[in-house]
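The values are calculated or read from the model by the stated rules, or taken from the named source; none is laboratory data. Bear in mind the structure is a predicted one, so any value in this text is a computation, not a measurement. A quick note on method: Cβ atoms are made from the backbone with ideal geometry, for glycine too, and the neighbour counts reach across all protein chains shown.
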Amino acid sequence: MIAARFNQNIVGQLVHGALDGFTRHGVSRDAVDLVWAPGSFEISLLAKRLAESGEYEAIICLGAVIRGETDHYDYVAGEAARGVAQAAVATGVPVIFGILTCDTVEQAINRAGGKAGNKGFDAAMTAIEMVNLLKQLPAGKKLD
Ligand code: INI
């Protein structure tokens, strides 16, 4: 699991949600490592590194990108999404996009254990589903 320190109050709730999801579905706490990234922009490089290590069945990426007054949001959110998808496709390891992209802090709070559920919990469910799904599919082959 990779979590961004930026907006840590919100991301901390996503981390709790993800760990709760894993525990409820039989994944022991010992089986989960947590790495903190400075911000969501840095998550994809760490995700690629961890996925390449061969030590993890899935990587969950948790962060909260909240729109400010400038277009910085668009770059951080866009690159985070692109990098997470690329890390998964490049390595064949499920890399789950649990990074909130919200217009307001209220929207983010609602999705981090508030009215709209906990997207960290949802990310854990997606990771489990993808790991099980990939086990049922034929192994990928490299085409020359
Ligand atoms: N990082 C976030 O995770 N969320 C944000 O909302 C955010 N904003 O708004 O700036 C943010 N910025 C930091 C960024 O992820 C990088 O750490 C920084 O740009 C250094 O590369």
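The criterion of being more than 16 Å from Val15 (Cβ to Cβ), among the aliphatic types (A, V, I, L, M) and within 11 Å of the chain's Cα centre (by Cα) does not hold for Ala64. Only one of the numbered conditions (1) among the hydroxyl-bearing types (Ser, Thr, Tyr); (2) touching a strand residue (DSSP E or B) at 6+ places or on another chain (Cβ under 6 Å); (3) not in a strand (DSSP E or B) is not met by Tyr75, and that is (2).
Can you say whether Ala58 is touching a strand residue (DSSP E or B) at 6+ places or on another chain (Cβ under 7 Å), more than 14 Å from the ligand (Cβ to nearest atom) and touching a residue at least 60 places away in the same chain (Cβ under 8 Å), as far as the supplied structure shows? Considered against the rule, which asks whether it is touching a strand residue (DSSP E or B) at 6+ places or on another chain (Cβ under 7 Å), more than 14 Å from the ligand (Cβ to nearest atom) and touching a residue at least 60 places away in the same chain (Cβ under 8 Å), Ala58 comes out as yes.
Residues of segment 98-117 that are part of a strand (DSSP E or B) and surrounded by 22 or more Cβ atoms within 10 Å (Cβ to Cβ): Gly98, Ile99, Leu100, Ala112. Looking at segment 3-25, I want the residues that are within 10 Å of the ligand (Cβ to nearest atom) and have a partner that is modelled with pLDDT of 95 or more and aromatic (Phe, Trp, Tyr) with Cβ atoms under 8 Å, at least 6 apart or on another chain. Which pairs are those? That search, which allows pairs on different chains as well, returns Ala3/Trp36; Ala4/Trp36; Arg5/Trp36.
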